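Here you go, one structure.
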Amino acid sequence: MAERDLETYRRKRDFRRTGEPRGGTVARIGNLFMIHKHDASRLHYDLRLQIGDVLKSWAVPKGPSLDPAEKRLAVEVEDHPLEYGGFEGVIPEGQYGAGATLIWDRGAWAPMGDVAQGLKSGALKFRLAGEKLKGGWMLARLKRRPGDAKDSWLLIKEHDDAAATDFDILETRPESVVSGKRIEELQAPGTKQWTSGKKAARPRKTPEAPPPKPVAQKSLTPKPVAFKPGALKGARRSPVPRTFKPQLATPIDEPPEGKEWLHEIKLDGYRTIAIVAKGQAKLLTRNGHDWTDRYGDIAAAFVALPCEDAVIDGEIVVPDADGITSFGALQDAIASGETSKMIFYAFDLMHLDGFDISAAPLLERKALLQRLLAASVHETSPIQLSDHVAGNGGEFFDLVSQKHLEGVVSKRADSLYLAGARARTWLKAKAKRIETLPIVGYTTSRQAGGLAALLLGEPDGDGLRFVGKVGTGFSVAEAAALTLKLEALQRKQPAANFTVPVPKAHWVEPALKAKVQYSNRTGDNLLRHAVYRGLSEMEFSTEKSATARRFITDEHLASVWVTNPERRMFSKDGPTKLDLAVYYARVGDAMLPHLLNRPVSLVRSPSGKLEDCFFQRHAFNGMPKEVGTFVLKRSDDEDRHYIYIKDAAGFLALAQFGVIEFHPWGCRADKPERPDRMFFDLDPGEGVAWKSVKRAAFQLRDELAALDLPAFVKTSGKKGIHLVVPIKRLYSWKQVHETSGRIAVSLAKRFPASFTATMGKSNRAGIIFVDFHRNARSATAVGAFSLRAARGLPASTPIAWADLDSIDAPQDLNYSSVPGILERAGDPWADMDASAATLGTSISKAK
């Protein structure tokens, strides 16, 4: 079938002269899509959808638009081979379609209905899950006019959360998703005509290669420009924005080679956007939180810059005497208020004096930034310029690794600033041999800080094995803080298998993980020259954490669909039924580890009305086959059939049934009598402020830490806060319930003005009820990342302890905001299962 479909394609091309693939060598079942940006006789975009063994193709002269009101013409053209999905380069002169073409976007697609019927009827609805285009789309065929040789269609964006009317995706994201190049670069002499997608080998080093220098090479330094931002190519007049989303870098293994790349040291701090306007400056985290007050006099230094307004990208860090930044040191400085230690390293300038210059080449933006800072910045200023190396990426990477730095960020010298995007024009490579390893013990010293070395393990089958120790890299303050944390986790026997003796060691539960950098390993698999780089922090506001596993594939994302997709939930201006389905698809990777194979109860509202919500814990008609059942006897010895979710497909299928909330049990279906979660619900009474609830959460966390119990925190999705303690599956429901009850009662007795452990609204006016009854057999608690059936659809959102103070209103964490936060910053609960605790000492201490 594919051979016949490709006849027209092959007849138009001379494969002895063009690098385009002949096709027919690849046959696979799939649902690939890609969009080529093609500068032939005129610039246009080619949409290609895999249907069978070919790519069904349409030429879109003006390109796709995210605005549903913009209907773009799409002219049907000949089918292309699947191999064309990897083609990027130049089609030679004299050949059909001569000119440069790049892969502007690619990913997976899924039809909303039968494909053949949609093509026949002229109404093909589908969803895309690409790097640039997402959500629902439609191809609508126009009536063929006399003389038309081909069918013409309209490409239309559906109304969903991926639609946008405030920017042009073609202008903001002009680059290839494969090479990061723009179409103009492919037209340069000597450009390759074929990109296979394989990683290019690093050129062999030669003794003559010049060592990297922390300045741009003269060959790439632009001609001096006047201190006029409007003179830069791509500058446009624009008011200064009130907020700004930083561009993100794509992770890679090693920096790219080539003089067109600038390489910066990857700093270990908080990514921060500085906005200067009307004589004031504010400092925003990458998630948009205003942390100006936390950074002391840094804002005042920005106000002193010789400009009316500006937007500057950078990183706030605390460097040591050698200039090496430490995230732990920054956290300590914030906690203690020692803001004089902090430095803002500026590395990009996106707006200046009434001009948006994000479309200007990076090198010119950096040159203007340097001129801006030079007027008022000196060696002791809290603002410094983050320098770069041009070319020599491999050597610079080696040098950074040798000096135990965080890594390298590589940026194309001519790249635009793509706010909020993660593009391949910015790349990041972590320094060699950095690992996050469980701490299994420690040794002490009489020297400053009291800590001599951390003892480290790594997974080995079902247990851990000792891989060495690290005794350098922490400051005196860090050593003291680490010692306090480790003392609370002590145990009698080591949690790891040791092949070498470690005298006078203190053993601990492997609940904490250290990030270490090392040169290599010995023959016994022990770390050599290890340097401590900080504890593994799980925070929304940094890139320290990441979802541990991937459950939701591109195919899953593309295939999300429900009947009545535009039905509004809970109000006329509320999110749609499709919005809910897309939300759960986007948070699924982080949510499913706390949901799969657990008994679960559901809150459903098939009608979309609040008054129609109902609770369901047993099987129902039409239930997806991926949702299983198991039998559990009740106290009256009667069997009851409960449900659990087997996999991602079952999870996503429940959106069709109007599922709003997921309430998992604190156990797994294979061992329902052995819970693995201990749950505390801080439920505020009337008159209790949110600030008081946050303070109570920290107080309970410290109480649990004193009992050797690590606590993870999330909002309830309403007015409260939940603390969840992962535990090993060694105890009965009765033991867990009684232990949690003793903890709650003890807390209420010690602080009666703040807490109560007694149920009933009359008992908690003005105080907080510590609800431990979620730990009873068959009780449930709302799941991590679950939405709540309320206006605005707030989410029960896991957060890092370091970020709890920055949450001003829990309602801000909802179906609209949480997926973006999670995608930018990672999952703060990713390491929960690895932190599971035992209750032996906790039971005795809580009595």
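The values are calculated or read from the model by the stated rules, or taken from the named source; none is laboratory data. None of the values given here were measured: they were computed from a predicted structure. FYI the Cβ positions are ideal-geometry reconstructions off the backbone, even for glycines, and counts take in every protein chain you see. We work out accessible area using only protein heavy atoms, side chains counted, and drop any ligands, DNA or RNA first. Shrake-Rupley method; radii C 1.70, N 1.55, O 1.52, S 1.80 Å.
Would you check which residues across segment 654-687 are at pLDDT below 90, farther than 18 Å from TYR731 by Cβ and surrounded by fewer than 20 Cβ atoms within 10 Å (Cβ to Cβ) and list them?
Result: GLN656, PHE657, GLU686, GLY687.
Something else about it: Scan segment 129-161 for residues that are among the aliphatic types (A, V, I, L, M), modelled with pLDDT under 90 and in contact with a helix residue (DSSP H, G or I) (Cβ under 8 Å, 6 or more places away or on another chain) and report the count.
1
From the residues in segment 485-521 that are at pLDDT 80 or above and assigned to a helix (DSSP H, G or I), which one is farthest from GLY407 (Cα to Cα)?
Across segment 485-521, the extreme among qualifying residues is GLU487.
Could you please find all residues in segment 262-290 being more than 29 Å from ILE434 (Cα to Cα) and of a type in the set (D, E, K, R)?
LYS278, LYS282, ASP290
Write out, first by first residue and then by second, each pair whose Cβ atoms fall under 7 Å of each other, whose residues are 6+ apart or on separate chains, and whose first residue, in segment 234-261, is under 25 Å from LYS278 (Cα atoms) and among the hydrophobic types (A, V, I, L, M, F, W, C) while the second is open to solvent by 40 Å² or more (accessible area, probe 1.4 Å) and in a loop (DSSP other than H, G, I, E, B).
PHE244/ALA419
Listed here are the residues, each with its yes/no results for (1) modelled with pLDDT under 90; (2) of a type in the set (D, E, K, R); (3) assigned to a helix (DSSP H, G or I).
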| residue | (1), (2), (3) |
| --- | --- |
| ARG365 | no, yes, yes |
| ASP398 | yes, yes, yes |
| SER401 | yes, no, yes |
| HIS404 | yes, no, no |
| VAL409 | no, no, no |
| GLU435 | yes, yes, no |
| GLY441 | no, no, no |
| PRO459 | yes, no, no |
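If you scan segment 471-487, which residues turn out to be open to solvent by 30 Å² or more (accessible area, probe 1.4 Å) and under 29 Å from GLU703 (Cα atoms)?
PHE474, SER475, VAL476, ALA477, ALA480, ALA481, LEU484, LYS485, GLU487
I've got another one for you. Kindly provide the set of residues from segment 500-534 that are farther than 30 Å from LEU709 by Cβ and surrounded by 11 or more Cβ atoms within 10 Å (Cβ to Cβ), ordered by number.
Selection gives GLN517, TYR518, SER519, ARG521, ASN525, LEU526, ARG528, HIS529, VAL531.
Could you grab the pairs with beta carbons closer than 9 Å, sequence gap of 6+ or different chains, first residue in segment 370-397 and at positive phi, second one part of a loop (DSSP other than H, G, I, E, B) and acidic (Asp, Glu)?
Cβ pairs passing all conditions: GLY391/GLU257; GLY391/GLU260; ASN392/GLU257.
Considering only segment 592-711, give the strands (runs of 3 or more DSSP E) lying wholly within it that have at least 3 residues that are in contact (Cβ under 8 Å) with a residue 40 or more places away in the chain.
600-604, 627-633, 639-645, 659-664, 677-684
Can you give me the number of residues within segment 82-98 that are part of a strand (DSSP E or B) and open to solvent by 20 Å² or more (accessible area, probe 1.4 Å)?
So the answer is 1.
Same structure, new question: I'm checking my understanding of the structure. Among residues of segment 64-81 that are in contact with a Leu (Cβ under 7 Å, 6 or more places away or on another chain) and part of a strand (DSSP E or B), which one is farthest from LEU47 (Cα to Cα)?
Going through the qualifying residues, I end up with PRO81.
Yes/no matrix, rows are residues, columns are (1) open to solvent by 20 Å² or more (accessible area, probe 1.4 Å); (2) in a loop (DSSP other than H, G, I, E, B); (3) not aliphatic (A, V, I, L, M):
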site: LEU418; (1), (2), (3): no, yes, no
site: ARG446; (1), (2), (3): yes, yes, yes
site: LEU456; (1), (2), (3): no, no, no
site: ARG465; (1), (2), (3): yes, no, yes
site: LYS469; (1), (2), (3): yes, no, yes
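Under the condition of being open to solvent by 10 Å² or more (accessible area, probe 1.4 Å), in a loop (DSSP other than H, G, I, E, B) and closer than 17 Å to SER238 by Cβ, which residue from segment 354-363 is modelled with the lowest pLDDT?
Filtering segment 354-363 for residues that are open to solvent by 10 Å² or more (accessible area, probe 1.4 Å), in a loop (DSSP other than H, G, I, E, B) and closer than 17 Å to SER238 by Cβ, the one modelled with the lowest pLDDT comes out as ALA359.
Right, next: Looking at the structure I just gave you, is THR780 open to solvent by less than 10 Å² (accessible area, probe 1.4 Å), in contact (Cβ under 8 Å) with a residue 40 or more places away in the chain and not hydrophobic (A, V, I, L, M, F, W, C)?
no
Restricting to segment 545-576, name every residue that is in a helix (DSSP H, G or I) and modelled with pLDDT of 85 or more.
none
List the helices (runs of 4 or more DSSP H) that sit entirely inside segment 743-847 and contain at least 3 residues that are within 30 Å of ALA581 (Cα to Cα) and of a type in the set (D, E, K, R).
Here the list is empty.
Please work out if ASP53 is under 24 Å from SER176 (Cβ atoms), without any contact (Cβ under 8 Å) to a residue 60 or more places away in the chain and charged (D, E, K, R).
no
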